[in-house]
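Here's the structure we're looking at; comments come further down.
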Amino acid sequence: MATPSPIVMGIVNVTPDSFSDGGRWLDPAAAIAHGLQLRDDGADLLDVGGESTRPGAAAVSEEEERRRVVPVVAGLADAGARVSVDTMKATVAEAALDAGATLVNDVTALRDSAMVRLVADRDCDVCLVHMQGDPRTMQENPRYDDVVADVAAFLLERADAAMAAGVRRERIILDPGIGFGKTVQHNLELLDRLHELVALGFPVLVGTSRKSFLGRIAGRDTDDRLPGTIATNVLALARGATIFRVHDVAPVRDALAVAAATLARTWTPTPDETTTTSRTTTSTIPTTSSTKAGPRPSSPSRSPDSPSTPTTG
Ligand code: HH2
């Protein structure tokens, strides 16, 4: 099975309280400069959010969220960047689409009927994210029968509902919602069996960047979770994920390019090398589709006392 080349989504949080970079890009000019830096670092897409989804984050009014997000979306879109808006509110999504966003990233998977209508009417891309509960309560003892089967059933049901409301199939992206109502064990299970979600037939987005389960495993604080972020994104690529939502674009982009070349067993020399070598290649990384994904070796059985405490972030 072939999957498209990795698409890197750079995170632009215009919030005072996001779990890893809250307050750093609250000023619109700083947020736009940061987004453009991420684009220069290799982001294909910039995800602008004005409300933190971390457990315990303060609720944000529609007006305040629009005030944070719209100038940044407009500034990035005017500079030619491809922009998505990370919001649960239809009015914010609408204002962001008006300002130039082309993708709605909704961690509630279009729970609000106004959001479904908006996405169908505007014929924009949409990311449907799995979350158990809501951001305030989601980490309070999350439970599943089989986390992968439960998440797959939910995402398929939401995709069907969206299509029934007029959203075109090719507009839909699925996301298992790493950290959204999941224990460490749930996150690991979802990542290791990600190919089961890829098999649903929609592009899959993963968001592991700097999340707390990486810190729990490696014993690292938020700022020191890049190695775990890279490891999980590379593993997700090998299982067929297409879009990678990250804070640290440049290193993840490099890791994904090398991983994709390895999986495809082919690569494209940089322009410098083209002038000094006569090497020929059969595909372009990252713009062609040749990554191998799909069935993978069976994993070792988990010990019954694996970490299962709910995590945040
Ligand atoms: N994770 C976060 C926010 N939005 N969207 C998708 N599609 N997938 C994710 O995994 C995802 C997401 C949380 O990360 P971050 O934006 O860095 O933090 P915060 O919600 O605190 O702003």
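So which of Asp150, Asp134, Asp160 ends up being part of a loop (DSSP other than H, G, I, E, B), free of Cβ contacts under 8 Å to residues at least 40 places away in the same chain and either in contact with a helix residue (DSSP H, G or I) (Cβ under 6 Å, 6 or more places away or on another chain) or surrounded by fewer than 22 Cβ atoms within 10 Å (Cβ to Cβ) (or both)?
Answer to the selection: Asp134.
Would it be correct to say that Val167 is more than 22 Å from Ser52 (Cα to Cα) and crowded, with 19+ Cβ neighbours inside 10 Å?
So Val167 passes the test.
Every residue in region 122-164 that is away from the ligand (no atom under 16 Å from the Cβ), of a type in the set (Gly, Ala, Ser) and farther than 16 Å from Asn187 by Cα, please.
Of everything in region 122-164, those that are away from the ligand (no atom under 16 Å from the Cβ), of a type in the set (Gly, Ala, Ser) and farther than 16 Å from Asn187 by Cα turn out to be Ala153, Ala161, Ala164.
I need the full set of residues from region 53-70 which are surrounded by 17 or more Cβ atoms within 10 Å (Cβ to Cβ) and more than 16 Å from the ligand (Cβ to nearest atom), in order please.
Within region 53-70, Arg66, Val70 qualify.
Considering only region 191-231, how many residues are within 16 Å of the ligand (Cβ to nearest atom), under 24 Å from Ala257 (Cα atoms) and in a loop (DSSP other than H, G, I, E, B)?
Selection size over region 191-231: 8.
Tell me, please, whether a residue that is at pLDDT below 95 and within 30 Å of Glu140 (Cβ to Cβ) can be found in region 71-91.
no
For Val60, are the conditions met, namely being more than 18 Å from the chain's Cα centre (by Cα), hydrophobic (A, V, I, L, M, F, W, C) and within 23 Å of Leu128 (Cα to Cα)?
So Val60 passes the test.
Please state which of the following conditions Pro176 fails to meet, knowing it meets all the rest: (1) within 11 Å of the ligand (Cβ to nearest atom); (2) surrounded by fewer than 24 Cβ atoms within 10 Å (Cβ to Cβ).
(2)
Name the pairs: first residue in region 101-127 and in contact (Cβ under 8 Å) with a residue 40 or more places away in the chain and buried (at least 19 other Cβ atoms within 10 Å of the Cβ), second residue assigned to a loop (DSSP other than H, G, I, E, B) and among the aromatic types (Phe, Trp, Tyr), Cβ to Cβ under 8 Å, at least 6 apart or on different chains?
Here the result reads Val107/Phe180, each pair linking region 101-127 to a residue that is assigned to a loop (DSSP other than H, G, I, E, B) and among the aromatic types (Phe, Trp, Tyr).
Evaluate the following for Asp41: is it in contact (Cβ under 8 Å) with a residue 40 or more places away in the chain and acidic (Asp, Glu)?
So Asp41 fits the description; yes.
Give the number of residues within region 1-52 that are outside any helix (DSSP H, G or I) and more than 13 Å from the ligand (Cβ to nearest atom).
Applying the first criterion (outside any helix (DSSP H, G or I)) to region 1-52 yields 1-27, 41-52.
Now drop any that are not more than 13 Å from the ligand (Cβ to nearest atom), which leaves 1-6, 8, 27, 41-44.
Of the residues in that region, 12 qualify.
The values are calculated or read from the model by the stated rules, or taken from the named source; none is laboratory data. Keep in mind that this is a model prediction, so the values were computed, not measured. For neighbour counting, all protein chains shown are included, and Cβ atoms are generated from backbone atoms with ideal geometry for every residue, glycine included.
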